[in-house]
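Engineer: Questions regarding the structure given below will be posed in turn.
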Amino acid sequence: MSSQALAWAFEKIVPDLRDAVQKLVLLRLADRADPGGVCWPGHARTGKDLNVSQRSVQRVVEDLQKLGLLKVEDRPGTSSKIFLKLDVVVDEVVAAGNKKKPKKKKHNKI
């Protein structure tokens with residue numbers, strides 16, 4: 001467990017993420033990271049720990065990578081190695097990546 005990674009996630013990232021599963025997965029990764037922010041959790045185990053599907057964890061890890069919060073190094077035959085970018089601070093770009101597009105209103109024709 002890395003207190004630096006947990007502090008980074010709780011203080012700098014989680015308050016600006018809108019998706020609850022993203023928050024949970026990021027906090028779980030930070031909890032399992034070493035002092036350098038590196039972890040290699042299996043998605044199945046992470047899903048079981050958080051009571052979400054393995055596919056949900058995979059999707060969220062992809063989303064967090066697109067947001068620039070982590071880097072994934074695939075390792076064939078074993079868990080991916082995940083590098084948390086502890087120097088990243090949430091800004092408008094990350095916050096904008098979590099906004100849902102407004103639905104178009106249907107206008108009834110009279």
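What follows is calculated from the coordinates using simple rules that are stated; it is not laboratory data. Quick caveat: nothing in here was measured; it's all calculated off a predicted structure. Cβ sites come from the backbone with ideal geometry, for glycine too, and all protein chains shown count toward neighbours.
Engineer: Give me the extension gain from residue 45 to residue 20: residue separation times 0.36 nm, minus the current Cα-Cα distance, reported in nm with one decimal.
Structural biologist: Answer, rounded to one decimal: 7.2 nm.
Engineer: Then there's this: Roughly how big is the stretch 45-87's charge dipole about its Cα centre, with Cβ charges of +1 (Lys, Arg) and -1 (Asp, Glu), in debye to the nearest 20?
Structural biologist: Dipole size: approximately 120 debye.
Engineer: For residue 11 and residue 71, what is the calculated FRET efficiency with R₀ set at 30 Å and r taken between the beta-carbons, to the nearest 0.05?
Structural biologist: 0.90
Engineer: Taking +1 at the Cβ of each Lys and Arg and -1 at the Cβ of each Asp and Glu, which of 65, 9, 52 sits farthest along the dipole of the stretch 2-75 towards its positive end, judged by Cα position relative to the Cα centre?
Structural biologist: After comparing all options, I get 52.
Engineer: For the stretch 8-62, rounded, prolate or oblate, judged on the Cα gyration tensor with a ≥ b ≥ c (square roots of eigenvalues), a/c < 1.5 rounded, else prolate if a/b > b/c?
Structural biologist: Taking the square roots of the gyration eigenvalues as a ≥ b ≥ c, the stretch 8-62 is oblate.
Engineer: While we're here: Each residue of the stretch 58-68 in order: what ³J(HN,Hα) in whole Hz does its phi give by Karplus 6.51 cos²θ - 1.76 cosθ + 1.60, θ = phi - 60°, with x for Gly and Pro?
Structural biologist: Per-residue couplings from phi come out as 4, 4, 5, 4, 4, 4, 5, 5, 4, 6, x Hz.
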